[in-house]
Amino acid sequence: MVNKDQVKGAAKQATGAVKEAVGKATGNRSTEAKGKAEKTAGKVQKGFGDVKEKVKKAL
């Protein structure tokens, strides 16, 4: 089972990866940096969701 933090985190990672790739392709460092930041935020949110699931299963 997945929770909303896991789903939203995965979505942020995907959109961040796309922004990063577009930034690299176009030479736009700002877009590339925003993509990296969004990807990192998505990893954190997904990790938080993973921990919530583990706690829920442990109880």
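Looking at Lys54, Lys34, just one residue is free of Cβ contacts under 8 Å to residues at least 12 places away in the same chain and not polar (S, T, N, Q), and that residue is Lys54. Within segment 19-43, the set of residues being surrounded by fewer than 13 Cβ atoms within 10 Å (Cβ to Cβ), in a helix (DSSP H, G or I) and of a type outside the set (Ser, Thr, Tyr) comprises Ala25, Arg29. Listed by first and then second residue, the pairs linking a residue in segment 6-22 that is of a type in the set (S, T, N, Q) to a residue that is loosely packed, with under 14 Cβ neighbours inside 10 Å, with Cβ atoms under 8 Å apart and 6 or more places separating them unless they lie on different chains, form an empty list.
Kindly evaluate Asp50 against the criterion of being in contact with a Phe, Trp or Tyr (Cβ under 9 Å, 6 or more places away or on another chain) and not β-branched (Val, Ile, Thr). No. Just one of (1) outside any helix (DSSP H, G or I); (2) surrounded by 14 or more Cβ atoms within 10 Å (Cβ to Cβ) fails for Lys12. It is (1). It is to be established whether one or more residues within segment 18-30 are under 10 Å from the mean Cα position of the chain (by Cα), of a type outside the set (Ser, Thr, Tyr) and on the phi < 0 side of the Ramachandran plot. No, there is no match, as no residue in segment 18-30 is under 10 Å from the mean Cα position of the chain (by Cα), of a type outside the set (Ser, Thr, Tyr) and on the phi < 0 side of the Ramachandran plot.
Any read-out appearing in this document is the output of simple, stated calculations on the displayed coordinates, not a laboratory observation. What you see is a predicted model; the values in this text were computed from it and never measured. We place every Cβ from the backbone using ideal geometry, glycine too, and count neighbours over all the protein chains shown.
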